[in-house]
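Shown next, in structure tokens, is the structure this report addresses.
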Amino acid sequence: MSRYEQAKKIYASYGVDTDEAIKRLKDVTVSIHCWQGDDVIGFDSQQALSGGIQTTGNYPGRARTPDELMRDFDKACSLIPGKKKLNLHASYAIFDGIKSDRDSIQPHHFKKWVEFANERSLGIDFNPTFFSHPMVKDGLTLSSPDESVRKFWIEHGKRCLEISSYFAKETGKPCVMNIWIPDGFKDVPADRIGPRMRFKNSLDEILSCDYDRENVFVTLESKVFGIGVESYTVGSAEFCLSYSSKSGIVPLMDNGHYHPTELVSDKISSLLVFNDKIALHITRGVRWDSDHVIIFDDETKEIAKEIVRNDALNRVFIATDYFDASINRIMAWVTGVRSVHKALLSALLEPSKLLKKYQDIADFTSLMALQEEIKTLPFGDVWENYLSEFNLSNSYIDDVKEYEEKELALRK
Ligand code: RNT
Ligand code: ZN
């Protein structure tokens with residue numbers, strides 16, 4: 001009997017069908033962020049990264065051009081199982097000669113990305129880029145008291161809705177467009193409601209434009225603080241949840257955007273009670289929103305369990321969001337996205353009916369014991385079997401190292 005067959009038997013004794021788990025996971029799409037490949041720099045300007053987010057490290061081999069980023073993304077995808085989407089930022093517009101500013105970018109600036117996605121049957125998700133730009137004035141964009149600044153960014157939001165509609169049309173797959181602004185203050189403000197009122201009005205204006213409401217899902221991402229923006233964040237959790245529910249858009253939770261003892265895994269069910277769809281940015285914050293590479297850790301597993309147990313695989317838009325410049329960037333992509341798949345697979349292998357029954361009959365003794373017992377089931381054998389369906393194996397270090405030698409090392 002193969003290791004997988006043995007594992008299948010063991011899981012079956014807990015009432016879990018491993019074939020079925022693998023089949024369900026093969027249907028899940030993870031939206032892979034393009035910005036791990038170039039340290040969130042993009043191609044529309046050479047501005048330093050701003051907005052209170054930071055990549056640290058200077059590992060050689062950063063993608064500097066669209067071609068390099070596409071090649072690296074391909075390399076990473078070749079080692080990642082499952083269905084994928086490409087998650088782009090507006091700053092990744094590709095200009096042939098004449099540049100357009102953020103308030104005048106057009107669908108055709110993303111034509112190459114559409115070709116890239118279609119050749120690989122990937123859908124595209126999108127993000128307006130409200131940072132790393134001279135029109136971010138005093139740290140503010142859509143909430144700025146300066147009308148010319150606010151108007152500029154409203155126009156950017158509208159342009160991005162048009163581009164998102166274009167992506168949905170050209171790829172034949174829905175586009176998730178996520179709005180996140182870095183707006184806030186380093187120190188104690190005198191007026192907290194003013195910026196929030198302006199942010200609300202700006203969002204209303206952006207969303208009032210004509211876009212494909214059926215195939216573009218607009219999401220709104222909240223945050224607690226950023227570097228240099230420690231005292232006040234305009235788009236706080238309360239703001240973003242309230243705005244999303246009032247205006248019928250989709251709330252997005254990034255698990256790096258809460259106080260360190262607050263867990264997104266615990267928030268998912270509350271949002272599922274009130275929203276048809278929710279969106280996630282999966283990341284790993286170490287002490288702060290550090291955007292470390294996702295690993296197969298407890299919180300990632302718990303997030304996955306909440307999606308699977310609540311039968312919400314088709315209600316949650318799952319995207320990755322992290323950026324580490326201190327290690328090989330392809331390895332970062334592969335390790336992070338594989339960890340999401342691992343967590344989902346382990347959630348799909350949970351005897352959730354039995355666990356829930358123990359909870360409902362208040363047998364907390366068995367609940368705890370069983371949760372511990374299943375941690376040492378032969379998960380690895382099922383994981384290997386899942387990977388084998390994509391002709392992949394559990395190890396990928398040598399493969400990425402070879403690419404590093406042949407390709408990344410030449411980037412000087
Ligand atoms: C920042 C947010 C946001 C960005 C990306 C680049 O804290 O998480 O999602 O990481 O848009
Ligand atoms: Zn995020």
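The values are calculated or read from the model by the stated rules, or taken from the named source; none is laboratory data. Predicted model only: the values in this text are computed from it and were never measured. Positions of Cβ are generated from backbone atoms using ideal geometry, with glycine treated the same way; all protein chains shown enter the neighbour counts. To get the accessible areas, we keep the full protein, side chains included, count just its heavy atoms, and leave off ligands, DNA and RNA. Shrake-Rupley method; radii C 1.70, N 1.55, O 1.52, S 1.80 Å.
With no solvent and one point per C-alpha, what does the Debye sum give as log10 I(q)/I(0) for the chain at q = 0.11, 0.13, 0.14 Å⁻¹?
Computed log10 I(q)/I(0) values: -0.83, -1.14, -1.31.
Could you tell me the relative contact order of the chain? Use alpha-carbon pairs under 8 Å, at least six residues apart, and round to a whole percent.
It rounds to 20 percent for the chain.
Using 0.36 nm per residue of separation minus the Cα-Cα distance, give me the extension gain between Glu214 and Leu354 in nm, one decimal.
Roughly 46.6 nm would be gained on extension.
Please work out whether the stretch 361-412 counts as rounded, prolate or oblate from its C-alpha gyration tensor, where a ≥ b ≥ c are the square roots of the eigenvalues and a/c under 1.5 means rounded, while otherwise a/b larger than b/c means prolate and anything else oblate?
Cα axes put the stretch 361-412 in the prolate bin.
Any chance you could run the full-extension gain for Leu410 through Asp191? It's 0.36 nm times the residue separation minus the Cα-Cα distance, nm to one decimal.
The span from Leu410 to Asp191 would gain 73.7 nm if fully extended.
Counting only helical runs of four or more DSSP H residues, what would the 222 nm mean residue ellipticity of the chain come to if each run contributes -39,500 (n - 2.57) and the total is spread over all its residues?
-13000 deg cm²/dmol
If the cut-off is 25 Å between C-alpha atoms, which lysines fall inside it for Lys401, apart from same-chain ones fewer than 8 positions away?
Output for Lys401: Lys75, Lys83, Lys84, Lys85, Lys342, Lys412.
Count charges around Trp153 for me, please; just the other residues with Cβ under 9 Å from its Cβ, Lys/Arg as +1, Asp/Glu as -1.
Neighbourhood net charge equals +1.
Separation between the Tyr14 and Asn201 pseudo-spin-labels, each 7 Å from Cα along Cα→Cβ, expressed in nm?
In this crude spin-label approximation the distance works out to 5.6 nm.
Pull up the cross-link candidates among the lysines for Lys246, meaning alpha carbon to alpha carbon under 17 Å and not fewer than 8 places away within one chain.
Within reach: Lys200, Lys277.
Under a point spin-label approximation (7 Å from Cα along Cα-to-Cβ), what is the Arg287-Asn118 distance to one decimal in nm?
4.8
Report Rg (one decimal) and Dmax (nearest whole number) for the stretch 205-290, counting Cα atoms only, units Å.
Using the Cα atoms of the stretch 205-290, the pair Rg, Dmax is 13.8, 41 Å.
State to the nearest 20 debye the size of the charge dipole of the stretch 1-126 about its Cα centre, where the only charges are +1 on K and R beta carbons and -1 on D and E beta carbons.
Dipole magnitude for the stretch 1-126 comes out near 420 debye.
So, with a 1.4 angstrom probe, what is the percent of accessible area on the stretch 160-313 that is carbon and sulfur?
Using a 1.4 Å probe with all protein chains present, the stretch 160-313 comes out at 52 percent carbon and sulfur.
Given the options Asp360, Asp204, Asp146, which has the most mean-square fluctuation in a GNM of the chain, springs set between C-alpha atoms less than 10 angstrom apart?
Asp360
So what are the ³J(HN,Hα) numbers for the stretch 173-180, from phi and the Karplus equation (6.51, -1.76, 1.60; θ = phi - 60°), rounded to whole Hz, Gly and Pro as x?
10, x, 10, 8, 10, 9, 9, 9
Extending each Cα 7 Å along its Cβ direction at Ser388 and Glu302, get the distance between those two points in nm, one decimal.
Distance between the two pseudo-spin positions: 3.4 nm.
Could you give the DSSP H helices of the chain that reach 20 angstrom or more along their long axis (alpha carbon positions) and whose average Kyte-Doolittle hydropathy is no lower than -0.5?
Result, helices passing both filters: 193-207, 329-348.
Once neighbouring chains are kept in place and the probe is 1.4 Å, which whole percent of the accessible area of the stretch 334-386 is contributed by carbon and sulfur?
Roughly 55 percent of what the probe reaches on the stretch 334-386 is carbon or sulfur.
How much area per residue is accessible in the chain when the probe is 1.4 Å and only protein heavy atoms are counted (Å²)?
45
What ranking do 169-175, 84-90 get when scored by the average of other Cβ atoms within 10 Å per residue, highest first?
Sorting 169-175, 84-90 by mean packing, highest first, produces 84-90, 169-175.
Name the shape class, rounded, prolate or oblate, that the alpha-carbon gyration tensor gives for the stretch 115-171, where a ≥ b ≥ c are the square roots of its eigenvalues, rounded holds for a/c under 1.5, and otherwise prolate holds if a/b is larger than b/c and oblate otherwise.
prolate
Does the stretch 152-296 come out rounded, prolate or oblate, given a ≥ b ≥ c as the square roots of the eigenvalues of its C-alpha gyration tensor, rounded meaning a/c under 1.5 and, failing that, prolate meaning a/b above b/c?
Note, shape of the stretch 152-296 comes out oblate.
Within 11 Å, Cβ to Cβ, of Lys23, how many net charges do the neighbouring residues add up to if Lys/Arg are +1 and Asp/Glu are -1?
Its environment carries a net charge of -3.
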